[in-house]
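To start, the structure under review is shown below, and the notes come after it.
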Amino acid sequence: MFLGIDIGTSGVKAVVLDEHGAVVAQGTAALTVQRPYPLWSEQEPEAWWTATNAAVQAIDPAVRRAVRGIGVAGQMHGATLLGADDRPLRPAILWNDGRSHVECAELEGAAPELRGVSGNIAMPGFTAPKLLWVRKHEPKVFAATRTVLLPKDHVRLRMTGEKASDVSDAAGTLWLDTGARDWSDTLLAATGLTRDHMPRAVEGTDVTGTLRAEVAEAWGMARVPVAGGGGDNAAGAAGIGVVRDGNALLSLGTSGVIFVATQDFRPNPARAVHAFCHCVPGLWHQMAVHLSAAACIDWVARLIGASGPAELFAKAESAGPASGPEIFLPYLSGERTPHNDAEVRAGFLRLDNDTTPERLAQAVLEGVAFALADGLAVLREAGTSVSSLSVIGGGARSRYWGETLAAALDAELVYLQGGEVGPALGAARLAQLAVDGGTPAEVCVAPPVSHRIAPDAQVAARLAPKLAAFRNFYPRITPKTL
């Protein structure tokens, strides 16, 4: 059996696959995010390790004893700064932290080749601008920094004692030569760093080390190999078989992502499209990234007193097919594609005396769908053809939301059995490739299809004027115009 561990933003998930690729066990543990100041988003690295232990140990001991390899996946971009003793010097600065927007412009000025080499525009979510912020505002911490790791790679260090990062995750730092799949000395120098500060760059299917003896004993396992793994989106893609040129997925996690696998490196930074390495050798991918997807669902559920996402979906559906005029702009943490705006914030518009909690819930589901439609439009502008999207993440549980999404995106949604497992599934498959060999096409097969949702012309017609209004409202709420 193979264990996949996903270090998410809201929790850690561990899953075990059998030799046939079926999920036989799962364990989870929650995480919290600290927001001490506006634009800040941080987590304590020790919390990742505590949650990882809890998630793994929630799995039946007999299943754990049968594990032959481990893969790791996780939230991207988080800056984990370690001192000479390999202990964190400060809380990790997360992917949805927007404090370094000024440093993004400084980085682009210091490294004019950045977009061509990394394939991406500098955004506050990426790792490199975070280090410039630390150098400017916490110079003692910067001077003491000996290693910069991403969240899952800090967990790898605790598991194995090894410092390594797969290229799909490393591509999200802005320090990688994405086409060459290796660190760029020039981009590192632009932030005052060298290769000595970096873990070694590996493929997601490489063995990066073995489980330390004390960890193996605590987890009730042999000292099994640990694979390179992948950034959360790339690992999620591997988990559902998106490992061929043109395969695409829609991830409905805390953030929302449209991911398209490509056989070559196709950057398009001008429209805030991400171009990264895939977690399997010889592939890359493009992404449209939206910082708040399921995060909006959790937020509005609390706002209207719903017990959780399931009740929120039910409330939205009960509002009926003739939705109200309400518009929601889902920018709780700013936005990446296509706006690259760290300072914009979410808002309800066109509320009236008849607005109800049910209509607010419906507006939030529509608003996230509209943001994703903006991202898909940018990918299509770049020449990427997408007519079908495999769906993963917690948001995949709602058929009602799926009907809204399919109509707004004008694409068929394909729901897969077990697709909600997400990146941990792909991490386990990468472990299988690292231990047993084989090709990604053989091992990373798509789960059976649960159901499909095709775009409904009537729903699309109802949503069209609201989508047009949604796009018209963004320029009016950005801080640049207020």
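The values are calculated or read from the model by the stated rules, or taken from the named source; none is laboratory data. Just so it is clear, the model here is predicted, and its values are computed rather than measured. Positions of Cβ are generated from backbone atoms using ideal geometry, with glycine treated the same way; all protein chains shown enter the neighbour counts.
Listed here are the residues, each with its yes/no results for (1) crowded, with 17+ Cβ neighbours inside 10 Å; (2) in contact with a Gly (Cβ under 6 Å, 6 or more places away or on another chain); (3) of a type in the set (Lys, Arg).
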residue	(1), (2), (3)
VAL23	yes, yes, no
THR52	yes, no, no
VAL72	yes, yes, no
ASP85	no, no, no
ASN96	yes, no, no
LEU114	yes, no, no
Does at least one position in the stretch 65-76 carry a residue that is in contact with a helix residue (DSSP H, G or I) (Cβ under 8 Å, 6 or more places away or on another chain) and among the basic types (Lys, Arg)? yes
Could you go through the stretch 268-289 and let me know if any residue there is within 14 Å of GLU335 (Cβ to Cβ), of a type in the set (Lys, Arg) and outside any loop (DSSP other than H, G, I, E, B). yes
Taking into account only those residues within the stretch 238-281 that are in contact with a Pro (Cβ under 8 Å, 6 or more places away or on another chain) and of a type in the set (A, V, I, L, M), which is nearest to GLY426 (Cα to Cα)? ALA238
Counting only helices (runs of 4 or more DSSP H) wholly inside the stretch 1-112, the ones holding at least 2 residues that are closer than 29 Å to LEU187 by Cβ and touching a strand residue (DSSP E or B) at 6+ places or on another chain (Cβ under 6 Å) are 45-57
All-but-one check, LEU250 against (1) in contact with a strand residue (DSSP E or B) (Cβ under 6 Å, 6 or more places away or on another chain); (2) over 26 Å from ALA201 (Cα atoms); (3) assigned to a loop (DSSP other than H, G, I, E, B), failing number (3)
Looking only at the stretch 171-189, filter to residues that are among the aliphatic types (A, V, I, L, M) and surrounded by fewer than 23 Cβ atoms within 10 Å (Cβ to Cβ); which one of those is farthest from HIS274 (Cα to Cα)? ALA189
Specify which of the listed residues (ARG223, ARG158, ARG195) is more than 21 Å from the chain's Cα centre (by Cα), assigned by TED's automatic domain parsing to the domain that holds ASP60 and farther than 21 Å from ALA434 by Cβ. ARG195
Answer yes or no: is there a residue in the stretch 346-353 that is touching a helix residue (DSSP H, G or I) at 6+ places or on another chain (Cβ under 9 Å) and more than 22 Å from VAL459 (Cα to Cα). yes
Of the listed residues (PRO330, PRO269, PRO309), the one being buried (at least 21 other Cβ atoms within 10 Å of the Cβ) and more than 30 Å from VAL67 (Cβ to Cβ) is PRO330
Being surrounded by 24 or more Cβ atoms within 10 Å (Cβ to Cβ), in contact (Cβ under 8 Å) with a residue 60 or more places away in the chain, part of a helix (DSSP H, G or I) and small (Gly, Ala, Ser) is true for just one of ALA363, ALA373, ALA408, ALA424. Which residue is that? ALA424
Out of (1) touching a residue at least 40 places away in the same chain (Cβ under 8 Å); (2) of a type in the set (Asp, Glu); (3) touching a helix residue (DSSP H, G or I) at 6+ places or on another chain (Cβ under 8 Å), the odd one out for ASP185 is which? (1)
Can you spot a residue in the stretch 11-18 that is under 23 Å from the mean Cα position of the chain (by Cα), over 21 Å from HIS154 (Cβ atoms) and not assigned by TED's automatic domain parsing to the domain that holds ASP341? yes
Output the qualifying pairs, or none if there are none: Cβ atoms under 6 angstrom, residues six or more apart or on different chains, first residue in the stretch 35-55 and touching a residue at least 12 places away in the same chain (Cβ under 8 Å), second residue basic (Lys, Arg). LEU39/ARG99; TRP40/ARG99; SER41/ARG35; TRP49/ARG158
Considering the stretch 367-389 alone, what residues qualify as being in contact with a helix residue (DSSP H, G or I) (Cβ under 6 Å, 6 or more places away or on another chain) and more than 16 Å from SER251 (Cβ to Cβ)? PHE370, VAL378
Please find, among VAL414, VAL386, VAL435, the residue that is surrounded by fewer than 24 Cβ atoms within 10 Å (Cβ to Cβ), of a type in the set (Val, Ile, Thr) and in a helix (DSSP H, G or I). VAL435
Return the total of residues in the stretch 316-360 being touching a residue at least 24 places away in the same chain (Cβ under 8 Å) and not in a loop (DSSP other than H, G, I, E, B). 16
Does GLU403 satisfy the condition of being touching a strand residue (DSSP E or B) at 6+ places or on another chain (Cβ under 7 Å), in contact (Cβ under 8 Å) with a residue 40 or more places away in the chain, in a loop (DSSP other than H, G, I, E, B) and outside the structural domain of SER100 (by TED's automatic domain parsing)? no
